[in-house]
Amino acid sequence: MMSGLAGPKDTIYLDADSHSSIYDGCTLSGAKLVRFRHNDATDLDKRLARSEGEEGGRLVVLEGIYSMLGDRAPLADFVEVKKKRGFQLLADEAHSFGVLGPHGRGLADEAGLEDEVDFVVGTFSKSVGAIGGFGAGDHPLFDTLRYAMRPYMFTASSSPASVATSIAAVRKLAREPERRARLQHNSERLFNGFKALGLETGCDVVSPVIAVKCPDEPSTIAMWNELLAAGVYVNIALPPGTPSKLCLLRCSVSAAHTDEEIDKIIELFGDVVAADQGKHAASG
Ligand SMILES: Cc1ncc(COP(=O)(O)O)c(C=O)c1O
């Protein structure tokens, strides 16, 4: 999408914590890249002010829920800046699609600001449980993107089986809001359990991405292996793939988890992670 929406004369403004695929999209476009401080609409405003009057279009890219720390963009603040400065806004709802909002369409849906977001992208590999993704927008020339995005033009289409799976799952997401309620319940249960253990999480807003901050790389790797041996698989995230060089054990909560499973995960994090942090505190 970014390679179709922007070209060498344009500028893309990226949140500093953007997912690697967003950086890659930016490189593909050939546009000038300007990073602004994570979730900081005032910093974006300052940077836009500096380039006022320059030629070319301006595209700002945000994420609904950030993939590493689980926090979300303060969309209303960014929309205020958009009204003041004028730019195109693209939201990557990879982690928020199927999760946030009364219709499950993501952060813009939750914030009631869908009309202010020009382009939305998302993946079918998370809440949809399949493979592939989508780009959407109301722009009258939106369809011409099909002829402007090299990665889209020079790749085979998804298989009918993948498309059918995604359609069936998206319909379920739309028609069964109780799944989102269950996901929120599970996320809160895990988050509160971690907090009760005294663990430090990536952010203080509950989402299905719950990252536990760990002291250093060797202990994070050791704990990840211990959890796996005990039957809990989480994602390990280490520098340089993380913001602020953090070492994270990143949990992805599902609506299909049972309360018993969530409680077991909390118990094992208590045995492995909280115990390790106690050791670090004692030796430090
Ligand atoms: C914000 C964001 N955008 C895009 C993607 C890419 O999704 P996929 O791997 O399904 O292409 C991810 C995957 O982690 C993501 O977190």
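Quick rundown of the values:
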| quantity | calculated |
| --- | --- |
| Members of the stretch 14-61 found to be touching an Asp or Glu at 6+ places or on another chain (Cβ under 6 Å) and farther than 23 Å from A237 by Cα, listed by number | A31, A41, G56, G57 |
| Close pairs from the stretch 120-148: first farther than 25 Å from A168 by Cβ, partner part of a helix (DSSP H, G or I), Cβ under 6 Å, at least 6 apart | L145/G4; A148/G4 |
| Residues that are outside any loop (DSSP other than H, G, I, E, B), of a type in the set (F, W, Y) and either within 11 Å of the ligand (Cβ to nearest atom) or within 13 Å of the chain's Cα centre (by Cα) (or both), drawn from the stretch 103-137 | F134 |
| Selected residue (criterion: surrounded by the fewest Cβ atoms within 10 Å (Cβ to Cβ)) from residues of the stretch 138-158 that are touching a Gly at 6+ places or on another chain (Cβ under 9 Å) and part of a loop (DSSP other than H, G, I, E, B) | A148 |
| Given (1) within 16 Å of the ligand (Cβ to nearest atom); (2) free of Cβ contacts under 8 Å to residues at least 24 places away in the same chain, number of the condition F36 does not satisfy | (1) |
| Any pair with Cβ under 7 angstrom, 6 or more apart, that starts in the stretch 47-70 at a residue that is more than 18 Å from E114 (Cβ to Cβ) and within 16 Å of the ligand (Cβ to nearest atom) and ends at one that is modelled with pLDDT under 95 and polar (S, T, N, Q) | M68/T242 |
| Residue satisfying all of: in the stretch 73-109; buried (at least 24 other Cβ atoms within 10 Å of the Cβ) and charged (D, E, K, R); farthest from F142 (Cα to Cα) among these | E93 |
| Qualifying positions in the stretch 89-102 - hydrophobic (A, V, I, L, M, F, W, C), away from the ligand (no atom under 12 Å from the Cβ) and within 13 Å of the chain's Cα centre (by Cα) | V99, L100 |
| Flag for V61 being part of a loop (DSSP other than H, G, I, E, B) and either touching a Lys or Arg at 6+ places or on another chain (Cβ under 9 Å) or buried (at least 17 other Cβ atoms within 10 Å of the Cβ) (or both) | no |
| So M149, is it modelled with pLDDT under 95 and within 13 Å of L5 (Cβ to Cβ) | yes |
| Scope the stretch 4-17; condition buried (at least 23 other Cβ atoms within 10 Å of the Cβ) and under 13 Å from the mean Cα position of the chain (by Cα); matching residues | D15 |
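The values are calculated or read from the model by the stated rules, or taken from the named source; none is laboratory data. Keep in mind that this is a model prediction, so the values were computed, not measured. Cβ sites come from the backbone with ideal geometry, for glycine too, and all protein chains shown count toward neighbours.
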